[in-house]
1. Name the one entry in R25, R74, R61, R43 that is out of contact with any Gly (no Cβ under 9 Å at 6 or more places or on another chain), under 24 Å from S99 (Cα atoms) and among the charged types (D, E, K, R).
2. Starting from residues that are in contact (Cβ under 8 Å) with a residue 24 or more places away in the chain and under 11 Å from the mean Cα position of the chain (by Cα), keep the ones in region 9-26 and report whichever is farthest from Q95 (Cα to Cα).
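Each reported figure results from applying straightforward, stated rules to the coordinates on display, with no laboratory input. It should be emphasised that the depicted structure is a prediction, and the values quoted were computed from it without experimental measurement. All Cβ positions, glycine included, derive from the backbone under ideal geometry; neighbour counts span all protein chains shown.
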Amino acid sequence: MNQPAPTRLPGAPRHLPPEEKRMWRAIVREFCIQDSPGLSVLRVGLEAHARMRQAQGEVLRDGLTFKAGTGAIRPHPAIAVERDCRDAWLRCVKQLGFSVEPIGAVGRPAGAHLPKQF
């Protein structure tokens, strides 16, 4: 019987940072994403994920707030970038139909039907 030739998985975009390239490979492999629209949504999502991590780093480095020229305490501008990029990443995850929780076994957990013994 003839076996279909193994399909080569699409490589990660070169501009993505190493962490997002690892995520790309894992997601493409696990969810078998090979269509152009799906790959485009994944690319945009991982770009947002990378930008979110960059903004998180800036907030960690500089702190949550800064003192404006007027002396008022203001939130770090990267907080809004982090929030917006997290939202964009999660919208892409939803659009691709990923489950953010691992799929569990159907039914009761093992041993759940047994009475507790003292």
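1. R43
2. So, considering only residues that are in contact (Cβ under 8 Å) with a residue 24 or more places away in the chain and under 11 Å from the mean Cα position of the chain (by Cα), the one farthest from Q95 (Cα to Cα) is E19.
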